[in-house]
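Here the structure is laid out as structure tokens; the discussion comes afterwards.
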Amino acid sequence: DADMAFHSEVVVSKLLERGHEAYWVGGCVRDELMGRPVHDMDITTSALPEEVETVFERTVPTGIKHGTVTVLCGSYAYEVTTYRVEGAYENHRRPAEVEFVSDLKEDLKRRDFTINAIARAVDGTIVDPFGGTMDLSKGLVRCVGNARTRFQEDALRMVRCIRFASVFGFGIAYRTWRAMLEEREGIRYIAMERFRVELEKLMDGSRPYRGLLLLHRSGLLKDAKIPFTYEPDRDLISMIDEISPEDAIIRWAMLLYACGLSAEGAHNSLRSWTFANILREQIAGLLSIGEAVGAMSTDIPYQEQWVSVVLQHGRETAERWLFMAGYITRRNPGVYPPEILKNGHTWTREMEIYHLSELSVTGKDLMDLSGRRGGPWVGEILGILLVKVASRILPNDREILIDEVKRVINT
Ligand code: ATP
Ligand code: MG
């Protein structure tokens, strides 16, 4: 936004006033040139980290060793990084050691792709020694320098390459793609977190399908030991593009479902991909609902069975699942009872209560009525009553529920 841009200009100008060089660089310059929204404005400078710290009042030593100081200006935070080159690479990972340099071009040269190696000066001048603007206009992701070497240095770049191609709808330069096929085994050295961050960005893009196909085709998923154990269902995966990026949870669940994973398998995969617990529960929860609905019995009213699914997984997840099931049944009609798809929303909306605490009878009532001591049976009976009341088979009326309890206890 304009305010973020304004404050970043203050930061650049202050560095210039102190006699240092300073430019915007990387993602923000690229996104600006593409007319895409800019989310963070990174700055590169000839000033050493200690010098940056003396120029600004509010700084955070984010990655001093790597030359990065976070400068706080207005309500914004900017990463200001000293021109640097990277030391020797080990094991296909980015090195711990960096070396500061005095030349902007050297700094641009260590960046991954030409479209990410463009700098912009405060007067609007573009510094673009590797043809990044040309590649932007052609719509190409191309490594800076020799692609094989760049992928050997840091194998994550291969995933980033596909991520950018997917998010921007770009092609991949021929040699860059060839190099990826040759170097793909290096991906096994990359920490899963770094891989997952790129995957999430790919899945948050407007059309992840192509990116997923590229990942599959490149062999990177296999070499990363990402447990796509089955040949995925491409028609289902292609539907992910139709689901809004805001529904990332549904997108992920669709992907895992399309790869033939069970709820448990999805849970394990998401854990090994280092997903946050809440997100993992939400995604795997959708697959559990699918399994529960797929296994529903014709002997019990569907409404009752659906309501117990909602009670177990929560209303939000249940509603999300209905949305997802709409896509799945377009591809595979008949996997779920049509009654659920047709009435699930209504049944969910009409639920009167959600918690045992809302029932007009309590565990104590049950114990008094039966003369038995507390135990798991109390929860079981309350659970049955909750489902019956929530699905409107019984009213939440104390007298009626007590009669029902007597009936259940006596049978
Ligand atoms: P976005 O933030 O939109 O995901 P970005 O290009 O800003 O895209 P970042 O991960 O924020 O990506 O990195 C900022 C810049 O740092 C990149 O534009 C690139 O110049 C450089 N960079 C990041 N990761 C690497 C890497 N693995 N190898 C080389 N350069 C990199
Ligand atoms: Mg960025």
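Laboratory data are not the source of any read-out in this text; all were calculated from the coordinates shown. This structure is a prediction, so every number in the text was calculated from the model and none was measured. In this analysis, Cβ positions are derived from the backbone assuming ideal geometry, glycine residues included, and neighbour counts consider all displayed protein chains.
Between Glu57 and Ile402, the C-beta separation translates, for a Förster distance of 51 Å, into a calculated FRET efficiency of about 0.15.
Principal-axis analysis of the Cα atoms of the chain puts helix 338-349 at an angle of about 90° to the longest axis.
Using bins of 10 Å that start at zero, the share of Cα-Cα pairs per bin across region 259-374 amounts to 12, 36, 29, 17, 6, 0, in whole %. Straight-line cross-link partners of Lys342 among the aspartates and glutamates, defined as a Cα under 16 Å from its Cα and at least 8 positions apart when in the same chain: Glu304, Glu319, Glu350. Under 29 Å Cα-Cα from Lys65, which lysines qualify once same-chain neighbours fewer than 8 residues away are excluded? Reachable lysines: Lys14, Lys105, Lys109, Lys201. One quarter of the surface of the convex hull around the alpha-carbon atoms of the chain equals 25.4 nm², the direction-averaged projected area. Between Val80, Val60, Val141, the Gaussian network model of the chain with springs among Cα atoms under 10 angstrom shows the greatest mean-square fluctuation at Val60. Of the peptides 301-314, 267-280, the ranking by mean beta-carbon count within 10 Å, highest at the top, reads 301-314, 267-280.
Most tightly packed first, judged by the mean number of other beta-carbon atoms within 10 Å of their residues, the peptides 176-189, 124-137 read 176-189, 124-137. Per-residue Karplus couplings for region 179-192, computed as 6.51 cos²θ - 1.76 cosθ + 1.60 with θ equal to phi - 60°, are listed in order as 4, 5, 5, 7, 9, 4, 5, x, 4, 5, 8, 8, 4, 4 Hz, Gly and Pro entered as x.
With a cut-off of 14 Å between beta carbons, the residues surrounding Asp368 carry a summed charge of +4, where Lys and Arg count +1 and Asp and Glu -1. Within the same chain, lysines fewer than 8 places from Lys406 are excluded, and of the rest, those with a Cα less than 20 Å from its Cα are Lys364, Lys388.
Sort 13-23, 250-260 by packing, meaning the average of other beta carbons within 10 Å per residue, with the highest value first. Write out the running numbers ahead of the final one.
Details: 13-23: 16.8, 250-260: 22.8.
Final packing ranking: 250-260, 13-23.
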